[in-house]
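Read-outs: derived from the displayed coordinates by stated rules, not from any lab. If you're wondering where the values come from, they're calculated on a predicted model, not measured in any experiment. Counting neighbours? That spans all protein chains shown, and the Cβs are built from the backbone with ideal geometry, glycine included.
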Amino acid sequence: MINSKILDPYPGEPDIQRLLDAFKRKPVDRVPNFEVLYEDKHVEKLLGRFAGNTLAYGGDPAKGADAEQGRPMYPEDYLDLCEIIGQDAILFDAGLWTPYRRKDAEGNLVPAYARDVKNRKDYEELILDSEGHLSDMKKYLAEYKEAIKKRNSSIGVGGLYGCISQTLYEFVIGMNDFMMMAYEDRELVEEMLEESTVHFVKITEALIEGGADFIWPADDIAFKTGLFLPPKLMKEIWVPRMARIFEPAVNAGIPIMFHSDGKVDDVVEDLINMGLDCLNPLDPYGIDYADYKKRYGDRLCLSGNVDIEFPLSKGTPVDVDAEVKKHMEVLKPGYGYIATVSHSVVNYIPHENVIAYLNAIHKYGRY
Amino acid sequence: MPILDDIYSATAKGNYKDIKELVKKAVDGGEHPKNIVEKALSPAMIEVGDKFGEGVLYMPDMLLSAKTMQTAMEVLKPLLKGDEATVEKGTVVIGTVKGDLHDIGKNLVIIMAEGQGFNVVDLGIDVDYSKFVDAVKEHNPQIVAFSGLLTTTLANIPEHIKALENAGVRGSVKLAVGGAPVTHDFARRYGIEIYAPDASGAAKEFVKEIS
């Protein structure tokens, strides 16, 4: 009988040390459950009150909203949620998107996310609001740290940020034009990537200085068959820059988790060489998690792959339980596994499946 | 014919800057415009699509080849007079299903379908049921293609089909569906005639269905 109504008691209080040990593939008492995002309906059901989604109270950073339209979840809500679901850390939006702005008719800075930058002239009209972004990020990190301290909690905090290429193709240039520009005006693309890199290096440094326990850069660079851009080009224009974003954390001994959807085979070795600790989300449409465990399990912590389409959205609690068990059997041995869904805990997943998912992790994830 | 080889090669390599000149040279040399499309441009796009599917080529390669073909067609279309029907294989109306904002897959299918000579009417993202119906009435397509990344939005497929049925146009078109979580079984379940796991396969299936 699968309990999909209420959360079962889980073993071991939420503790950042568990997550940090999992990143480093050290022994832990249970496989940590850790999600990039719980959307608001699940949060409300779990908490018993509205608190927004875990990345934003109001607005949705995953869809391009930012500080002007929302703010990260309030610390007390997030800490309560972590305690309810047994999650070891808060993950907040430290700036997913490069903060490109332009002035509107009234002279206000507004996000420049209309996919209308097609050449150097368009690019030169953009304003990078790096300082504004950094200042918001530091303020929110300090809020979280303060709340954790006040509660005397062992829960940790990390920042999600760093979409150097995705900002460009998703919001600034547009997918098709970005892809062609990478071939035809590589200099301009590199200039934009470089500007983003400089900005995100500052975010890494500020996260470390502000006491973040880990960093989580993200940048969707692939789809189910492979990288968007040729591996050779990626190794020239993207790998060295993402390495620079990682570098302050590597030097400070702060664990690094990285997210890209799709089949990222062609850059996994690069990511390991850059100092990556944990790879997420092992896209189920492009990655065989058992194969990844064999190939990278002794060098990387792995996170993700439980498909939000099936079983989470379309399956039953019994299907969810079985899928979590299957993942545990392959990924749990030898440590270095963090249970995570293939994307995020979106509202369209039936809540009973979310309960079944968390209960299954806590049931099968014990060492 | 070396000139057709040159056009094929330029298209496969995405050399859109030289293609106009090559096509003009071929036409001036007596090459029939229809031959240029059928023996050089379309086969080159098939090769590009296949290589993309195999992971040999990447998105920019495919986009530049598509741009090359489009540039060539700017020269050829006015010359096709009377041959448009044989060169143009048919019309495809395509869009992401209601509620779905993910369009990478849809855009790749458009590139490949146009490469195979289809006139593609792109309805964009998050397309309402009635918009598909209106497009069928307006453009008289042979194929209506639904694209979706999310299970939750793909669940709107029966409503899309019902809207076409209610408008009395379901029987006049073949339906196609694609997207990461879509399977052959999914397509069959809803009586959808065309399914392929990738963009190149979709264009080939379109050709099969209308021939």
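Among all cysteines in chain A, which have no other cysteine Cβ under 4.7 Å from their own Cβ?
Within chain A, the cysteines lacking a partner Cβ under 4.7 Å are A:Cys82, A:Cys163.
Looking at the stretch A:233-329, I'd like the Rg to Rh ratio, where Rg is from alpha-carbon atoms and Rh is Kirkwood's inverse mean 1/r.
Value, to two decimals: 1.04.
For the stretch B:88-210, what is the charge dipole size about the Cα centre, in debye to the nearest 20, if Lys and Arg each add +1 at the Cβ and Asp and Glu each add -1 at the Cβ?
300 debye
Roughly how crowded by other chains is peptide A:172-180, in terms of the mean Cβ count from those chains within 10 Å of each of its Cβ atoms?
4
How well do other chains shield peptide B:52-64, expressed as the mean number of their Cβ atoms within 10 Å of each residue Cβ?
On the way: counts 2, 1, 2, 7, 2, 1, 13, 14, 12, 5, 3, 7, 4.
Per residue, the average neighbour count from other chains is 6.
Assuming R0 = 22 Å, can you tell me the calculated FRET efficiency for the pair B:Asp134 and B:Arg188, based on Cβ-Cβ distance, to the nearest 0.05?
After rounding, the FRET efficiency stands at 0.20.
Taking the simple approach of a point 7 Å from Cα along Cα-to-Cβ for both A:Arg295 and B:Glu88, what is their distance in nm?
Once both label points are built, they end up 4.5 nm from each other.
Show me the ranking of peptides B:157-165, B:59-67 by mean Cβ neighbours inside 10 Å, starting with the highest.
B:59-67, B:157-165
How shielded is A:222-235 by partner chains, expressed as the average number of their Cβ atoms within 10 Å of its Cβ atoms?
Taking all residues of A:222-235 together, the mean is 3.
What does the net charge come to around B:Asp198 if you take all other residues with beta carbon closer than 14 Å to its beta carbon, with K and R at +1 and D and E at -1?
+2
Quick check on chain A: helices-only [θ] at 222 nm, where DSSP H runs of length 4 and up contribute -39,500 (n - 2.57) each and the sum goes over total residues. Nearest 500, please.
-13000 deg cm²/dmol
Rounded to two decimal places and with Rh computed the Kirkwood way over Cα pairs, what is Rg over Rh for the stretch B:2-85?
Radius of gyration over Kirkwood radius for the stretch B:2-85 works out to 0.98.
Estimate the FRET efficiency between B:Gln70 and B:His32 by the formula 1/(1 + (r/R0)^6), using the beta-carbon distance for r and 25 Å for R0, to the nearest 0.05.
Taking R0 as 25 Å, the efficiency between B:Gln70 and B:His32 is 0.80.
Would you work out which of B:His184, B:Gly95, B:Thr153 lies farthest towards the positive end of the dipole of the stretch B:88-210, given +1 charges on the beta-carbon of Lys and Arg and -1 on that of Asp and Glu, about the Cα centre?
My answer, from the dipole projection, is B:His184.
I need the calculated FRET efficiency for the pair B:Glu54 and A:Ile6, taking r as the beta carbon distance and R₀ as 60 Å, to the nearest 0.05. Write out the running numbers ahead of the final one.
Values: r = 49 Å, r/R0 = 0.82.
The computed FRET efficiency comes out at 0.75.
Could you tell me how many degrees, from 0 to 90 and to the nearest 10, lie between the Cα long axis of helix B:199-210 and the main elongation axis, the longest principal axis, of the Cα atoms of chain B?
So the helix axis and the longest Cα principal axis differ by about 90 degrees.
Taking a threshold of 21 Å on the Cα-Cα distance, which of the pairs A:Lys224/B:Lys106; A:Lys45/A:Lys149; B:Lys24/B:Lys89; A:Lys26/A:Lys332; B:Lys17/B:Lys204 fall above it?
Pairs exceeding 21 Å: A:Lys45/A:Lys149; B:Lys24/B:Lys89; B:Lys17/B:Lys204.
Work out the charge dipole of the stretch B:38-119 with +1 on the Cβ of Lys and Arg and -1 on the Cβ of Asp and Glu about the Cα centre, then indicate which of B:Gly49, B:Met112, B:Leu76 is farthest towards its positive end.
Looking along the dipole axis, the top candidate is B:Leu76.
Could you please state, rounded to a whole Å, how far the C-alpha centre of the stretch B:155-211 is from the C-alpha centre of the stretch B:1-71?
29 Å
Gap in Å between the Cα centre of the stretch A:86-116 and the Cα centre of the stretch A:270-342?
The distance from the Cα centre of the stretch A:270-342 to that of the stretch A:86-116 comes to 30 Å.
Sketch the reach of a paramagnetic label on A:Glu131 as a point 7 Å from Cα along Cα-to-Cβ, and name the residues of the stretch A:200-221 whose backbone nitrogen lies under 16 Å away.
Backbone N within reach: A:202-203.
Checking the table A:Lys41/A:Lys314; B:Lys81/B:Lys208; A:Lys5/A:Lys314 against a 20 Å threshold on Cα-Cα, which pairs fail?
Beyond 20 Å: B:Lys81/B:Lys208.
Counting Lys and Arg as +1 and Asp and Glu as -1, what is the net charge of the other residues whose Cβ lies under 12 Å from the Cβ of A:Val318? Don't jump to the answer; show the numbers that get you there.
Numbers: positive: A:Lys325; negative: A:Asp319, A:Asp321, A:Glu323, A:Glu352.
Spelling it out: positives minus negatives among the neighbours equals -3.
Given labels modelled 7 Å from the Cα in the Cβ direction, how far is it in nm from A:Lys26 to A:Lys138?
3.1 nm
What's the magnitude of the charge dipole for the stretch A:261-330 around its Cα centre, counting Lys and Arg as +1 and Asp and Glu as -1 at the beta-carbon? Answer in Debye, nearest 20.
200 debye
In whole percent, what relative contact order does the stretch B:88-210 give with Cα contacts below 8 Å and a gap of six or more residues?
29 percent.
Which angle between 0 and 90 degrees, to the nearest 10, do you get for helix A:175-184 versus the longest principal axis of chain A when only C-alpha atoms count?
With rounding to tens, the tilt is 50 degrees.
How many percent of DSSP beta bridges within the protein assembly as shown run antiparallel, rounded to 5?
Numbers: 10 of 50 bridges.
Restricted to the protein assembly as shown, the bridges split so that about 20 percent are antiparallel.
Assign unit charges at the C-beta atoms only (+1 for Lys and Arg, -1 for Asp and Glu), then state the dipole size of chain A relative to its Cα centre in Debye, rounded to the nearest 20.
Here the size comes out at about 1040 debye.
How are the alpha carbon pair distances in the protein assembly as shown distributed across 10 Å bins from zero to the largest one, expressed in percent?
Going out from 0 Å in 10 Å bins, the protein assembly as shown shows 3, 16, 25, 26, 18, 9, 3, 1, 0 percent.
Provide the percentage of antiparallel DSSP beta bridges, counting only those with both residues in the stretch A:182-306; round to the nearest 5.
Values: 2 of 9 bridges.
Looking only at bridges with both residues in the stretch A:182-306, the antiparallel portion is about 20 percent.
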